[in-house]
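The values are calculated or read from the model by the stated rules, or taken from the named source; none is laboratory data. What you see is a predicted model; the values in this text were computed from it and never measured. Here the Cβ is made from the backbone with ideal geometry for all residues, glycine too, and neighbour counts use every protein chain on show.
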Amino acid sequence: MELVGFEAWAQLAGDSPTSRTEWAAVVDAWGQPHRRYHDLAHLAAVLGIVGRLEETAPDPAAVRLAAWYHDVVYDPRRGDNEAVSAERARAGLRGLVPDARVDEVVRLVLLTAGHEAAPEDANGAVLCDADLAVLAGPPDAYAVYASAVREEYGHLSDAEFTAGRIAVLEHLLGLETLYRLPAVAADWTPRARANMAAELSLLRTRAATSSGAAPPPAAG
């Protein structure tokens, strides 16, 4: 994977013993065996999309670095992965890039907790749109993604996972703007909303069946 190789990293953080050590640690974190979706393939995918969209970003290097770190800490049993990842970025990048860029990377990583970039936040729009691009994939690819996420939460019962996943999908579907970049929004938004709505319908039916409640009446 050239996108996650050291040469790509060195373009952002330089080629030094400290930089090589940090790159190796970041790659090792993304390669942890419990990851089924939030893995090196996801990192490479996000970096690839950032590379396509970064022309609109005032600091594309910060966006790329934020992509490297946005899920560097990923433990499905905790709810503060983005915050811990942001602090991991602050510690790891200290001395490798200017302080102002470190601060921007931290801000961007934190933004991926809710994916609600402000309209004027071009850096945030690129990162968030790239991170959510998987939602707009073909239905079969979306199904693979959803299945991988379920595997990551294997410690939860079906009822617990279903309730949590419903909350996530409802949040994303409730965003006034899912994708902010005009280059992708018109194409990606309807596909992503259709994928999520289909999954949400399935999960709600599953939740109603498992609770013994009657399914909701069909529309029309």
**OP:** Only residues that are of a type in the set (Val, Ile, Thr) and either in a helix (DSSP H, G or I) or outside the structural domain of Pro58 (by TED's automatic domain parsing) (or both): list them for segment 70-123, please.
**Re:** Val84, Val102, Val105, Val106, Val109
**OP:** Tally the residues that are crowded, with 18+ Cβ neighbours inside 10 Å, within 12 Å of the chain's Cα centre (by Cα) and not hydrophobic (A, V, I, L, M, F, W, C), restricting the search to segment 107-123.
**Re:** 2
**OP:** Pairs only if they're at least six apart or on different chains, beta carbon under 8 angstrom, first in segment 20-40 and in the same structural domain as Asp75 (by TED's automatic domain parsing) and touching a residue at least 60 places away in the same chain (Cβ under 8 Å), second of a type in the set (Asp, Glu) and in a helix (DSSP H, G or I); list them, first residue then second.
**Re:** His34/Glu152; Arg35/Glu152; Arg36/Glu151; Arg36/Glu152; Tyr37/Glu151; Tyr37/Glu152; His38/Glu152
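Report, by residue number, each residue of segment 89-106 that is of a type in the set (D, E, K, R) and either in contact (Cβ under 8 Å) with a residue 40 or more places away in the chain or touching a Pro at 6+ places or on another chain (Cβ under 7 Å) (or both).
Kept after step one, since they are of a type in the set (D, E, K, R), are these residues of segment 89-106: 90, 94, 99, 101, 103-104.
Matches in segment 89-106: Arg101, Glu104.
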Original post:
Within segment 157-200, can you find the residues that are free of Cβ contacts under 8 Å to residues at least 24 places away in the same chain and more than 30 Å from Glu120 (Cα to Cα)?
Top reply: Ser157, Glu160, Phe161, Gly164
Original post:
Looking at (1) β-branched (Val, Ile, Thr); (2) closer than 17 Å to Asp28 by Cβ; (3) crowded, with 20+ Cβ neighbours inside 10 Å, can you tell me which one Val84 breaks?
Top reply: (3)
Subject >> Hey, Asp15 under 30 Å from Gly154 (Cα atoms) and of a type in the set (Asp, Glu) or not >> reply: no
Subject >> Evaluation of Val168 against (1) more than 17 Å from the chain's Cα centre (by Cα); (2) part of a helix (DSSP H, G or I) (one fails), failing number >> reply: (1)
